[in-house]
Amino acid sequence: MSTRTLLRGGTVITSARAGEVLPDTDILISADGTIEAIGHGLSVDDAEVIDVTGRIVLPGFVDTHRHTWQSVVRNVASDWSLTEYLAGLHTGLSKFFRPEDTYTGNYLGALEALDAGITTLVDWSHNLATPAHADAAVQALTDTGMRAVFAHGGGNKQWGAPLPSPNNHPAEDARRLRETVFSSNTGLVTMALALRGPQFVTPEVNRHDFALADELDLRVTVHVGDGYWGKSGPIRKLKDDGLLSDRITYVHCCTLGDDELQMIADSGGTASCAPDVEMQMGHGYPATGRLLQHGIRPTFSIDVCSSNGGDMFGTMRTAIGMQRALDNAPAVETGEVVERIGLSVNDVLQFATIDGAHAAGLDHLTGSLVVGKAADIVVLDDRALAMTPMNNPIGAVVYNAHPGLVRDVFVQGRRVKKDGQLVGVDYAALRSRAEASRDYIVGEWPEAHLDGSWHPDLTVQS
């Protein structure tokens with residue numbers, strides 16, 4: 001049996017350089033799951049050959065911030081504000097999750113991501129009530145075979161009332177995982193810390209949490225600039241305490257001041273935008289354009305999968321549409337003619353691939369199709385009328401493609417989706433398990449129901 005794979009004749013979008021498209025190009029995947037060669041008419045005798053002629057081949061997408069555990073209660077928050085979300089999920093449904101529900105949510109959500117061509121996921125896991133919940137979340141990610149960063153985020157004790165929280169990040173559990181499961185920084189699943197940031201905790205707790213990240217030598221991902229919660233100058237507070245660094249990803253950034261964005265840029269920090277959730281829940285306008293103005297490359301987040309869908313195609317379209325509207329608005333107001341659009345589809349695809357990999361600390365491994373990097377690859381179906389004729393491959397990915405076109409997915413060279421189906425996944429069993437978890441969780445809170453009309457009672461503190 002062959003241990004190498006040759007993708008023959010694809011239209012290859014590399015993401016190594018913005019706009020780089022290689023027509024009629026082969027990719028040779030080595031036995032160790034890395035990209036061995038890229039070129040025309042590669043001659044290989046001992047490889048399985050997959051004909052991808054006419055199909056777009058691109059790097060797997062990178063989602064830099066997703067609360068994956070919420071997948072089993074998807075869409076309960078589709079009409080909720082940020083305040084309702086905090087009440088309905090963080091002081092409500094979250095406390096009814098058992099470890100097996102956390103496993104199911106993570107397994108379902110991570111497979112959903114893979115199915116849609118997201119090969120790398122930053123799992124912002126902030127419902128870890130016990131070490132058993134953390135173990136279940138990690139195991140689920142591992143079982144999917146995807147590349148993931150498990151961002152340890154504490155649980156209801158840290159995220160519930162009162163705010164600002166006097167409760168430290170659960171250091172003992174974070175140390176346990178770092179010393180055992182994640183003692184090395186290798187493997188498809190690695191570790192980070194998902195911290196609450198200065199708007200949600202006391203100054204003493206914030207300093208404790210960031211010191212823990214330094215002690216454990218872990219990257220940090222933190223919410224800032226998230227609506228009214230994020231207007232308290234969180235980046236200024238971090239700078240005053242000497243906590244800014246190039247190992248931090250700042251999620252949202254919508255309501256940060258320009259001076260704060262410059263502080264992030266000066267420190268080498270990265271940013272994650274979640275345009276669908278930010279516009280829905282009142283975080284503010286997505287910061288895509290403002291980040292670019294300060295020299296920060298945005299990345300993309302699905303975020304709250306209890307609210308919106310979990311694919312990168314829709315996220316890219318929301319982001320580019322919103323930013324182009326903001327860029328065009330001044331000219332529309334003054335009656336000027338817009339001669340050239342600012343944000344390009346090339347930029348947006350970079351945000352969703354190589355820039356995302358950089359924010360996750362994994363750009364040396366993934367995010368672009370380059371010899372020596374991991375073969376994290378997505379192949380799109382060529383039979384869709386919406387993609388015919390193929391005139392602008394990157395434009396087609398950003399504006400026309402959808403999860404249903406994801407035909408094949410490779411992670412570290414292993415084919416995890418083949419001819420439109422995830423490999424080794426029992427769809428019926430997973431659906432049954434997800435429905436059972438949902439029924440248990442919602443059944444534990446009499447107020448909750450699933451017909452789309454439920455809004456959490458904000459006058460009641462749980």
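Odds and ends about this structure:
- Here's how it looks for residue 384: its modeled amide H is under 5 Å from none belonging to a residue 5 or more places away or on a different chain.
- Those residues of region 1-33 whose amide nitrogen sits under 17 Å from the label point placed on residue 45, 7 Å along Cα→Cβ: 1-6
- Stokes-Einstein D (µm²/s) once Rh is taken as the Kirkwood radius of region 185-305 over alpha-carbon pairs, at 10 °C in 1.306 mPa s: 110
- Each peptide in 325-338, 382-395, 15-28, 287-300 was scored by the mean count of other Cβ atoms within 10 Å over its residues; highest first, the order is 287-300, 15-28, 382-395, 325-338.
- Per-residue HN-Hα couplings for region 298-313 [Karplus 6.51, -1.76, 1.60; θ = phi - 60°; Hz; x = Gly/Pro]: x, 10, 10, 10, 7, 6, 8, 7, 7, 10, 10, x, x, 10, 7, 4
- Euclidean distance between Cα centres, region 395-456 to region 205-280, Å: 30
- Rounded to the nearest whole Hz, the Karplus-based 3J(HN,Hα) values (6.51 cos²θ - 1.76 cosθ + 1.60, θ = phi - 60°) of region 184-191 follow the sequence 10, 9, 10, x, 5, 10, 10, 10, with x at glycine and proline.
- The helix-based estimate of mean residue ellipticity at 222 nm for the chain, built from -39,500 (n - 2.57) per DSSP H run of four or more residues and divided by its residue count, is -10000 deg cm²/dmol to the nearest 500.
- Local net charge near residue 456, Cβ-Cβ under 11 Å (Lys/Arg +1, Asp/Glu -1): -3
- Amide hydrogen proximity for residue 22: with H placed 1.01 Å from N in the peptide plane, the residues at 5 or more positions away or on another chain lying under 5 Å are 12, 13, 14.
- Accessible surface of the chain, 1.4 Å probe, proportion on carbon and sulfur as whole %: 51
- Here the Karplus curve 6.51 cos²θ - 1.76 cosθ + 1.60, taken at θ = phi - 60°, turns the phi angles of region 213-226 into couplings of 4, 5, 4, 8, 6, 10, 5, 10, 10, 9, 7, 8, x, 9 Hz, with x standing for Gly and Pro.
- Global size of region 261-359 as Cα Rg and Dmax, reported in angstrom: 13.9, 41
- Here the chain is assigned +1 on the Cβ of each Lys and Arg and -1 on the Cβ of each Asp and Glu. Its dipole about the Cα centre then comes out at about 180 debye.
- Computed from the C-beta positions of residue 232 and residue 419 and an R0 of 41 Å, the FRET efficiency is 0.20 to the nearest 0.05.
- Over region 335-462, the hull volume per residue, using the convex hull of the C-alpha atoms, is 275 Å³.
- Around the amide H of residue 192, modelled in the peptide plane, lie the amide H atoms of 150, 151, 152, all under 5 Å away and 5 or more residues distant in sequence or on another chain.
- Note on residue 457 and residue 172: the model spin-label points, each 7 Å out from Cα along the C-beta direction, lie 3.5 nm apart.
- Debye-sum result for the chain in log10 I(q)/I(0), which assumes one identical scatterer on each alpha carbon, at q = 0.12, 0.14 Å⁻¹: -1.02, -1.37
- With all projection directions averaged, the alpha carbon convex hull of region 105-238 covers 8.2 nm².
- Cα gyration tensor shape of region 44-166, rounded if a/c is under 1.5, else prolate or oblate by comparing a/b with b/c: prolate
- Gain upon complete extension [residue 83, residue 37; 0.36 nm per residue less C-alpha separation]: 11.5 nm
The values are calculated or read from the model by the stated rules, or taken from the named source; none is laboratory data. Predicted, not measured: the structure shown is a model, and the values here were computed from it. As a convention, Cβ positions derive from the backbone with ideal geometry for all residues, glycine included, and neighbour counts pool all protein chains shown. Ligands, DNA and RNA are excluded from the accessible area calculation, which covers all protein heavy atoms including side chains. Shrake-Rupley method; radii C 1.70, N 1.55, O 1.52, S 1.80 Å.
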